[in-house]
Amino acid sequence: KNQVEQSPQSLIILEGKNCTLQCNYTVSPFSNLRWYKQDTGRGPVSLTIMTFSENTKSNGRYTATLDADTKQSSLHITASQLSDSASYICVVIPNTGGFKTIFGAGTRLFVKA
Amino acid sequence: NAGVMQNPRHLVRRRGQEARLRCSPMKGHSHVYWYRQLPEEGLKFMVYLQKENIIDESGMPKERFSAEFPKEGPSILRIQQVVRGDSAAYFCASSPPKAGSQETQYFGPGTRLLVL
């Protein structure tokens, strides 16, 4: 079982609509949780970084939330644009003193006109 | 300020050959990370290096794979005697000198390795 599970696996929405992507993790303890956007054929780009003590972090139309009690995070995208079509990856960095990062498989978002 | 650069972007090798993947971190960055992404899967951590030092290689296979980050020049991920299962996208990321686990990692565009 993956230590970072994302849902849904893929999602299709209309341009202008909002959507929420989910991330459940079992990694504990952890130092921070990150959301990345990965366009097809490119490397991931950081959207948000949250420590275990933070509940929410925004970056423009992207808002990430974190519930350390339930071990869940979500990424909310507001007023989606065609350029939001990409994979969104949840990443957890364990607090083990090392630098091994644990990636979710990602949610593939398709925004249609 | 150029971003993280990787070359080649695409690499085709026959089974048994060697693959060398290069990564030039962002200017001023001295921390480099290598990741592998198999088709339809998430990225997997391989190795974390600082200049001339391997800090954490817990994600790298013990055999055939090696990585270095010399004092001068790019970081190199070397795969000897490649097999078909090595076919994947290999991403490099870099972060600044004061990096800890809080620092943002900046990813390169990746090298797509295909083993025939």
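Do we find a residue being touching a His at 6+ places or on another chain (Cβ under 7 Å) and within 18 Å of A:V111 (Cα to Cα) anywhere in region A:61-71?
yes
Considering only region B:37-51, how many residues are open to solvent by 50 Å² or more (accessible area, probe 1.4 Å) and outside any loop (DSSP other than H, G, I, E, B)? Steps first, please.
Applying the first criterion (open to solvent by 50 Å² or more (accessible area, probe 1.4 Å)) to region B:37-51 yields B:38-41, B:44, B:50-51.
Then keep just the ones that are outside any loop (DSSP other than H, G, I, E, B); that gives B:44, B:50.
Number of matching residues: 2.
Among what's in region A:1-29 and is within 10 Å of A:V91 (Cβ to Cβ) and of a type outside the set (V, I, T), pick the residue that is modelled with the lowest pLDDT.
Among those residues, the one meeting the criterion is A:Y25.
I'd like the full set of residues that are open to solvent by less than 30 Å² (accessible area, probe 1.4 Å) and farther than 21 Å from A:P94 by Cβ, limited to region B:52-65.
B:F65
Evaluate the following for B:G28: is it among the small types (G, A, S) and crowded, with 19+ Cβ neighbours inside 10 Å?
Numbers: among the small types (G, A, S): yes; crowded, with 19+ Cβ neighbours inside 10 Å: no.
No; evaluated as a whole, the condition is false for this residue.
Quickly run through region A:16-60 and pick out the residues that are charged (D, E, K, R) and either within 21 Å of B:P39 (Cβ to Cβ) or surrounded by 14 or more Cβ atoms within 10 Å (Cβ to Cβ) (or both). Full working, then the answer.
Start the filter on region A:16-60 by keeping residues that are charged (D, E, K, R), which leaves A:17, A:34, A:37, A:39, A:42, A:54, A:57.
Selection gives A:R34, A:K37, A:D39, A:R42, A:E54, A:K57.
Give, as residue ranges, the strands (runs of 3 or more DSSP E) completely inside region A:2-113 that count at least 2 residues that are away from chain B (no Cβ under 12 Å), under 11 Å from the mean Cα position of the chain (by Cα) and farther than 30 Å from B:I55 by Cα. Quick ask: steps written out before the conclusion?
On the way: elements: A:4-7, A:10-14, A:19-25, A:30-38, A:45-51, A:56-59, A:62-67, A:72-77, A:86-94, A:107-112.
Filter on region A:2-113 gives A:19-25, A:62-67, A:72-77.
How many of the residues making up region B:73-88 are assigned to a strand (DSSP E or B) and over 24 Å from B:Q50 (Cβ atoms)?
Qualifying residue count for the region: 1.
Do you know which residues across region B:58-73 are more than 13 Å from the chain's Cα centre (by Cα) and among the hydroxyl-bearing types (S, T, Y)?
Hit for region B:58-73 is B:S58, nothing else.
Filter region A:88-113 down to the residues that are at pLDDT 90 or above and surrounded by fewer than 20 Cβ atoms within 10 Å (Cβ to Cβ) and list them by number.
Passing the criteria: A:A105, A:R108, A:F110, A:K112, A:A113.
Please work out if B:Y33 is in contact (Cβ under 8 Å) with a residue 40 or more places away in the chain and within 14 Å of another protein chain (Cβ to nearest Cβ).
For B:Y33, the condition - in contact (Cβ under 8 Å) with a residue 40 or more places away in the chain and within 14 Å of another protein chain (Cβ to nearest Cβ) - is met.
Among the residues of region B:66-85, are any closer than 28 Å to A:Y88 by Cα, at the interface with chain A (Cβ under 10 Å from one of its Cβ atoms) and small (G, A, S)?
No, region B:66-85 contains no residue that is closer than 28 Å to A:Y88 by Cα, at the interface with chain A (Cβ under 10 Å from one of its Cβ atoms) and small (G, A, S).
For a quick check of your reading of the model, give me the residue pairs whose first member lies in region A:1-24 and is closer than 16 Å to A:V111 by Cβ, whose second is β-branched (V, I, T) and in a loop (DSSP other than H, G, I, E, B), with beta-carbon atoms closer than 6 Å and at least 6 apart or on different chains.
Hits for this filter: A:N18/A:T78.
Can you find a residue in region A:37-56 that is closer than 21 Å to A:A113 by Cβ and hydroxyl-bearing (S, T, Y)?
Filtering region A:37-56 down to residues closer than 21 Å to A:A113 by Cβ leaves A:37, A:39-40.
Now narrow it down to the ones that are hydroxyl-bearing (S, T, Y): A:40.
Yes, region A:37-56 contains at least one residue that is closer than 21 Å to A:A113 by Cβ and hydroxyl-bearing (S, T, Y).
Residues in region B:8-27: is at least one modelled with pLDDT under 95 and more than 13 Å from every other protein chain (Cβ to nearest Cβ)?
Yes, that holds for at least one residue.
When the residues of region B:4-25 are filtered to those that are touching a Gly at 6+ places or on another chain (Cβ under 7 Å) and more than 18 Å from B:I79 (Cβ to Cβ), which remaining residue is least open to solvent (accessible area, probe 1.4 Å)?
My answer is B:V4.
The values are calculated or read from the model by the stated rules, or taken from the named source; none is laboratory data. Please read these numbers as outputs of a predicted model, since none were measured by experiment. All Cβ positions, even for glycine, are placed from backbone atoms using ideal geometry, and neighbour counts span all protein chains on display. Heads up: the accessible areas ignore ligands, DNA and RNA and are worked out on the full protein's heavy atoms, side chains in. Shrake-Rupley method; radii C 1.70, N 1.55, O 1.52, S 1.80 Å.
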